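Since every read-out is calculated from the coordinates, none of them should be taken as a lab result. The structure presented is a predicted model; accordingly, all values stated were derived computationally and were not measured. Note that we place each Cβ from the backbone using ideal geometry, even for glycine, and neighbour counts take in every protein chain shown.
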Amino acid sequence: MSGDQQLIDVALGKNPRRPAASGTSAHSATTPQRSSPGHSVRNPARTRWAVGLLLLSLFYLLFEMIFNASLVQVAGSGQASEDELTRIELLGRSLSGIGASLLLAGWALQSSALTSRLRRWTTAGVIFVLVWPLVFFGQRAVIDHYLIEPSTAEQRQRAYYAQVVRQGLANNSIDIEGIAHNPDASYSGEALTFIALFGALLYADDELIPKVETHTQAMVKKMVTDAAYRDFPDHYGRYQAFRAELQDDYRRYAKASNTFNSQKSASRQEADKAWQQVEQEIRSGWQEYQQGLAQFDREVTTKAEQLTSQLKTYFDRIGQCKSDACRKPYNDRYAKDITRLGAGYIEPNYWLLEEKVSSGEKVATTLLAGVLTGGVSLALQGINLATGGDGGIESSRFYFLNDSRDTAARLSRKLQPQFSAKAKGYAYNLADFATFRNDPLTARQVIQSSRKKGIPLPDTWTLADRTTFDRLVARKIDNEAKSAWQQQGRKQGLSLPPDLSWEQFQLHPHIQQKIRREMGDALYVKPMRADWNNRQFLQRVVEPNINRKVKEVISQLKHDVREYDDGGGMADTAKSALRAILVPPISMGLSLLLIVMTLCHLPLRLWRLLTSLLAARRKVTTPHRRVVRKLLLALLPPVLVFAVPLLFFSSSYLSSDKDTAQPQVVQYFMDQVSRQASPLASLSLRWVMSAQPLFQPLGNALHERTQLVDRFAPASEVLQRLDNHFFSIQYHPL
């Protein structure tokens, strides 16, 4: 068998030197053919899968070490929030799902039935789709089903006490006799491991509450006070930064307030300016009117010059006609031409000039007619007069003057409505500017333009009413100033009146709300000023909050045990405390076990690989020796994993103190774990306390380089919603 094939077989867990079963043919269709040494056939596909799985396993190992170090850092700090613990838990469950999927995929892909690429990819995909959610959700389901939900009210109360004591020890607020906890080394790997496990050790003691109950007040007071004083520089630094920000807000506020007052005080000047604009608009309107009037007159003159010749021809032709048939085409042509002027149809007589006939002319005309007719016309006139007529004697006569100026004057009167329409309703030929200014249309024009500018003049307003105009302008200026003020307030996220002093600004309810949001409920007192020095901040903020927090914690600890039962006021809080002290040790132990087993298995696999390659050139060992060797290789990793940390790397918290007769406290808690759970559980805790500090520095270094937990934050939010949704519906079958 070639070296490459032996490497693949070793990576997949096979023995390249195992002989074929007896009684089988070397050319059987169901048994792979054994190749003679040096003549094995390479399988590139299996090589790629083996290399891929190996690389994925190495990446998984690195991520597992980062998770392990982060878990210890968070669980052992004593300052981690519930959100941080949840994020670490989700990361650990996700990595466990990936690790289990890789493990099963490695076993499954050893099958000789997976000969095609499609089968291998399908098998790997199915394994990840099924195994990852099973492991991810299964871990929480198992812990909830077997540890959290079945817990009694007494156990939950004890867990809450254990969490308080563990946090006090982590924060160096309390000292427990017999525990070699060095406050100066509180962030070492060994100390963090012990603190992370100490809650579970305390929880194992069913006499915990009676032992610490008498010291509860002093313990909580010391713990809360130490935490507050330890965090004082950070809190006051945040207060100072916020104070500088608030002072900048006040400077912007004061500037906006001055602008507001300046705008309001300038209302008289603005009114004069607005009135000047009104006068300018009127003058511009008068100029526009005059220009329109001149333009109108020019257009009328041009039209009149052309119309005069047309009318002259028309009247001459009509005068020659003796019948309606003769006059009809001329009348039609006149109607067509006259309507083009834009004034509609105009009667032809409109263009004629009327001339009065004198009495002498009337008598002369009558006598002349009588002579010519032999007196007949006189007789007819007499009859006409007798019957009420005018006797045929005309008092006036009409004729076309044939003068373009007369035609222009007559045409102008007909087209003046069009001029008024174009001139915004103004009449034709206003005498002067005063007449134009006093025209009601001018007041209406000013009203409309002023309303567009935000000055709501009433419909009955006139240009003589300057008082109303000034008052409305002042109101407009005031509204604009208020609007600008409100806009500036919205930009700063504030709703304040103007002209507040710095002291009034700080104490305004909106500023107090902003201070409360910034500092949080734990560091807010009412009222809270933004100009306190560090001593005032300590006396007025920190110390009152210390007293409030102590009362709050003592009140929770003094709750009746029935409050910790399902449906009680402390049930959810106590369940969270129970999860916080049980989940980290379990997750830490499983993660550490995977890391150590993998690290132990890698050199053994390398040794097996080298020995198998060398064995190809030597004589095959006997079956008995192969069995012994496989047994040793199978037993050596567990022995190394469990024995070496306990024998050679024992934690200082587990060492006995020969200078005192008092039994070591940690040993007492280990005995309680053996009694309450099992000796195996106690031994597992000892192993974790001894092995975990060895890998903590490497995990921290990897985390510093990758920032895996921080990068995992967006994904953790999605996983948390998925996790909550899954466990909210799993107890409600369809």
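The range 437-510 and the range 515-542 have Cα centres lying 40 Å from one another.
Its residue count N sets the reference 2.2 N^0.38 Å, and the alpha-carbon radius of gyration of the range 240-312 equals 2.65 times that reference. Around N331, with a cut-off of 13 angstrom between Cβ atoms, what is the net charge of the other residues, counting Lys and Arg +1 and Asp and Glu -1? With Lys, Arg at +1 and Asp, Glu at -1, the neighbours total +1.
Overall, the range 664-734 carries a charge dipole of about 120 debye about its Cα centre when +1 sits on the Cβ of Lys and Arg and -1 on the Cβ of Asp and Glu, all other atoms neutral. Charge tally for D206 (other residues, Cβ to Cβ under 10 Å; Lys, Arg +1; Asp, Glu -1): -1.
Other residues lying with their Cβ under 11 Å from the Cβ of Q672 contribute a combined charge of -3, Lys and Arg counting +1, Asp and Glu -1. Kirkwood radius, the range 398-532, all distinct C-alpha pairs, inverse of mean reciprocal distance: 21.3 Å.
Based on the Kirkwood approach, the hydrodynamic radius assigned to the range 258-355 is 18.5 Å, with every pair of different Cα atoms included. Of all lysines in the structure, the ones whose alpha carbon falls short of 30 Å from that of K264, not counting any fewer than 8 places away in one chain, are K255, K273, K452, K453, K476, K482, K491, K514. In a simple Cβ point-charge model (Lys, Arg +1; Asp, Glu -1; nothing else charged), the range 421-535 has a dipole of about 360 debye relative to its Cα centre. Each Cα pair of the range 156-310 feeds into the Kirkwood radius, which the Stokes-Einstein equation turns, at 4 °C and 1.567 mPa s, into a diffusion coefficient of 53 µm²/s. Rg over Rh for the range 89-161 works out to 1.25, both radii taken from alpha-carbon positions and Rh defined as the Kirkwood radius. Scanning residues 5 or more positions from F398 or on other chains, those with amide H under 5 Å from its amide H are E355, with H placed 1.01 Å from N in the peptide plane.
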